[in-house]
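Written out below as C-alpha cells is the structure these notes cover.
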Amino acid sequence: MILVQLLLVGSFAAVFFYALRSRTAHGVSATKKLAFMAFMLVVLIAVFSPRLVTDVANVVGVGRGTDLVLYLLAVMFCFYVVNDYLRGQESRNQVHKLARRIAVLEALERYDVTREVPAANQPVGADDDRS
Amino acid sequence: MRDVAFVVPVYNEASVIGDVIADILKVTPHAVCVNDGSRDASAAEIVKAGAYLVDHPINMGQGAALQTGIEFARSLPGVERFVTFDADGQHLVEDAKRMVDLLEGGDVDIVLGSRFLGASVGASKAKKALLRAAVAFSNVTSGVRLTDAHNGLRAFNRHVADTIEITAPDMTHASEIVELIARNRYRYREVPVTIHYTEYSRSKGQASVNALNIAVDTLLRKVGRQ
C-alpha cells in the first residue's frame with residue numbers, strides 16, 4: 001500500500017465512523033444510509049485500483065479516470081449546493097414561523113386579547129386553535 | 001372604521017413612526033405595528049404613540065412582518081377589514097379609507113393602491129421607469145393585471161386575512177402577494193393612491209438594484225412550484 005492510499009483510506013474510515021456515531025442520523029432513511037455506504041465502497045475501489053476508474057472513464061468517452069472523477073465531483077457539488085440552499089430556506093421558514101408565533105402570543109397576552117375559539121371545540125388547556 | 005386594523009411593518013423608523021400612528025389612530029383604534037428587530041427606538045415609539053406592538057424577536061424581513069401583523073390583527077375582536085400601510089409616511093390614511101370603503105359592497109376581496117393611476121409626488125423619472133418595468137414583469141408572471149405591483153398600501157377583507165400566507169420574507173413579498181391573488185382567486189381591484197416621496201422615504205426606499213433580486217426570486221418561485 002502506498003502512502004497516499006493509506007491516507008485516503010484513513011480519512012474515509014474516519015468520515016464513515018463519524019457518520020455512524022452521529023446520534024442525529026437516526027432520522028435519515030435507510031436508503032440514504034445504504035447509498036452512502038455504496039458510495040464509500042466505490043471510493044475504496046477507486047483508491048486501490050485507479051486503472052478501473054480509467055477503464056470506466058474510457059467506456060463513457062472520457063480520457064482519464066481523474067477527469068471522470070472531477071466531472072462527477074462537479075455534478076455532486078452542484079446537487080449539494082442546491083440541496084443545502086433549499087434546506088436553508090426550509091429551516092429559515094421554520095424559524096420564522098416559530099418567531100412569529102412567539103411574537104403574536106406575547107402580544108396577545110400583553111394586550112389581553114382573548115382569541116376567538118369556537119365554543120364547540122374548546123378542550124380544557126388547549127390553546128392551539130390553528131392548524 | 002372601527003372594524004379596520006392597520007398593519008404596519010416597522011424596521012428602524014423611530015423618527016417617523018409616531019406621526020404615522022397618530023394619523024391612523026384618528027380613524028381606527030387598531031394600529032398594529034410589527035417591530036421587525038429594529039435597532040433604534042422604534043418599539044418605544046410605537047408604545048408611546050398608542051399602537052399595538054408586536055415584537056419580532058429577530059429581524060425577519062418586511063414580508064414576514066406583514067404576515068405576523070395580519071395574524072395578530074385577525075385575533076382582535078371586532079376587526080373585519082385590514083389595511084397594510086408603510087411605516088415611513090409615504091401613504092395617506094385618506095387613501096386607505098377610500099380603499100376600505102370599496103370592500104363594503106362585498107364584491108372585492110382585496111383593493112390595491114396604485115401609484116400610476118394616482119399622483120406620485122417627488123418620484124424620479126428613473127424610479128418611475130423601473131416601477132413600470134416591474135409591473136410589466138409581474139403581469140406576465142402572475143396573470144394578475146395591475147398597474148403597480150410594489151405598492152405597500154392594500155385593503156382586504158377577513159377572507160384574505162384568514163387565507164393569505166406570505167412566505168417571502170424580504171421585499172419579494174409584494175410579488176408573492178400578487179401571485180397569491182391569482183392562486184387563491186381573490187377578487188381584486190386597483191385604485192389610484194398618492195405616494196408621498198419625501199427625502200426620508202427616498203433614503204429608506206429600496207435600491208433599484210433590488211429589482212433584479214425580486215425578478216430572479218419570482219422566476220425561481222414559478223419554476224419551483226411546477
So for R0 = 56 Å, FRET eff. of B:ARG189-A:VAL81 from the Cβ-Cβ r, to 0.05, ends up at 0.85
Using a 10 Å cut-off on Cβ to Cβ distances, tally the other chain neighbours for every residue of B:43-56 and report the average as a whole number.
2
Computed [θ] at 222 nm, helices only, for chain B once each DSSP H run of length n ≥ 4 contributes -39500 (n - 2.57):
-13500 deg cm²/dmol
Rounded to the nearest 0.05, what FRET efficiency do A:THR31 and B:LYS97 have when you use their Cβ-Cβ distance and R0 = 41 Å?
0.10
In the protein assembly as shown, how many lysine pairs have Cα atoms under 20 Å apart, counting only pairs 8 or more places apart or on different chains?
5
Enter the mean number of other protein chain beta carbons within 10 Å of the beta carbon of each residue in B:69-76, as an integer.
5
Pick from B:ALA149, B:ALA168, B:ALA215: which is most flexible by mean-square fluctuation in a GNM of chain B where alpha carbon atoms under 10 Å apart are linked?
B:ALA215
For peptide B:59-66, compute the average count of partner chain beta-carbon atoms within 10 Å of each residue's beta-carbon.
2
Report Rg (one decimal) and Dmax (nearest whole number) for the stretch B:92-185, counting Cα atoms only, units Å.
13.6, 38
I need the calculated FRET efficiency for the pair B:ALA136 and A:GLN89, taking r as the beta carbon distance and R₀ as 22 Å, to the nearest 0.05.
0.20
When ranked by the protection proxy of mean other Cβ atoms within 10 Å per residue, highest first, what sequence do the peptides B:174-180, B:135-141, A:83-89 form?
B:174-180, B:135-141, A:83-89
Hey, could you pull the Cα Rg and Dmax for chain B, both in Å?
16.2, 47
Only Cα pairs within less than 10 Å get springs; with that Gaussian network setup on chain B, which residue of B:PRO57, B:PRO192, B:PRO169 has the largest fluctuation?
B:PRO57
Within a Gaussian network of chain B (alpha carbon springs, distance under 10 Å), most fluctuating of B:ALA126, B:ALA73, B:ALA14
B:ALA126
B:VAL47 versus B:SER124: modelled label distance in nm, points set 7 Å from Cα along the beta carbon direction:
3.9 nm
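Every number in this text was worked out from the coordinates using simple rules, so none of it is lab data. Nothing here was measured: the structure is a model prediction, and the numbers come from that model. Note that each Cβ is placed from the backbone with ideal geometry, even for glycine, and that neighbours are counted across all protein chains shown.
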